[in-house]
Amino acid sequence: WDNPSFQLKLDGDELEVAKYPVGDLQMLVQLADRRSTIDLEAPSLHLLAKAGIGTEEGYPIQFEIVGRHTPLNLIRGGNPLGTGFFDALITGRGLLSNLETLEASADIETLQLKLLDHDLHSSQPIEIRYAGQRLNILNLALESGDSRLQLSGALPLRADVPSGDLTLTAHLNLD
């Protein structure tokens, strides 16, 4: 039992999460060479996720989630608010034994929404980072018709982390 290994494959058909249709799901979990890997695919969502977890002390983890034309269906209280899609790459790493070491990045190449009968889209790639219990918005720019909104800055996610600052620039056409 010094270096066990196993492989587990799971397939799910027509799954739902909180009444949201996820569709088919395939997952492969493997343990070999003191490392566990998880591969997840959700074809109808156009999502792939991979994670590697070391079995040594600290349990180092690395993960990646890729979405290509991943559909969004926004619902509140059972009422549809909007639909759309995104193209994104989310990566991260850290130690499972100490979640404060977690670092992650989200690079959203495309975001398109139809929200309450208004078209909304990213005018440039969205870049967000997480490290040291802080969320850093490097670039978030959205457009709808003649209206534009840009947000950048840092937000602490715990009270004992130094304060953050946000910069919001907006040009709104309310016609």
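The values are calculated or read from the model by the stated rules, or taken from the named source; none is laboratory data. Small disclaimer: the values here were computed from a predicted structure and weren't measured. We place every Cβ from the backbone using ideal geometry, glycine too, and count neighbours over all the protein chains shown. With ligands, DNA and RNA removed, areas are computed over all heavy atoms of the protein, side chains included. Shrake-Rupley method; radii C 1.70, N 1.55, O 1.52, S 1.80 Å.
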Review point. Can you tell me which residues in the stretch 116-145 are among the acidic types (Asp, Glu), open to solvent by 60 Å² or more (accessible area, probe 1.4 Å) and within 17 Å of residue 167 (Cα to Cα)?
Key: 127
Exercise for review: Please specify each residue of the stretch 1-44 satisfying the condition of being of a type in the set (Val, Ile, Thr) and open to solvent by 60 Å² or more (accessible area, probe 1.4 Å).
Suggested key: 17
Practice item. Scan the stretch 162-173 and give yes if some residue there is among the β-branched types (Val, Ile, Thr) and free of Cβ contacts under 8 Å to residues at least 24 places away in the same chain, otherwise no. Key: yes
Point to revise | Unmet requirement for residue 165, which otherwise passes all of (1) among the charged types (D, E, K, R); (2) surrounded by fewer than 14 Cβ atoms within 10 Å (Cβ to Cβ); (3) modelled with pLDDT of 95 or more | key: (3)
Exercise for review: Name the strands (runs of 3 or more DSSP E) wholly inside the stretch 93-175 in which the number of residues that are among the polar types (S, T, N, Q) is 3 or more.
Suggested key: 98-115, 134-144, 147-156
Review point. Just wondering, is there one or more residues in the stretch 87-96 that are open to solvent by 60 Å² or more (accessible area, probe 1.4 Å) and farther than 30 Å from residue 29 by Cβ?
Key: no
Point to revise | Candidate set from the stretch 45-58 (those that are in contact (Cβ under 8 Å) with a residue 24 or more places away in the chain and outside any strand (DSSP E or B)); member that is most open to solvent (accessible area, probe 1.4 Å) | key: 57
Practice item. Go through the residues of the stretch 59-72 one by one and say whether even a single one is surrounded by 15 or more Cβ atoms within 10 Å (Cβ to Cβ), closer than 27 Å to residue 107 by Cβ and hydroxyl-bearing (Ser, Thr, Tyr). Key: yes
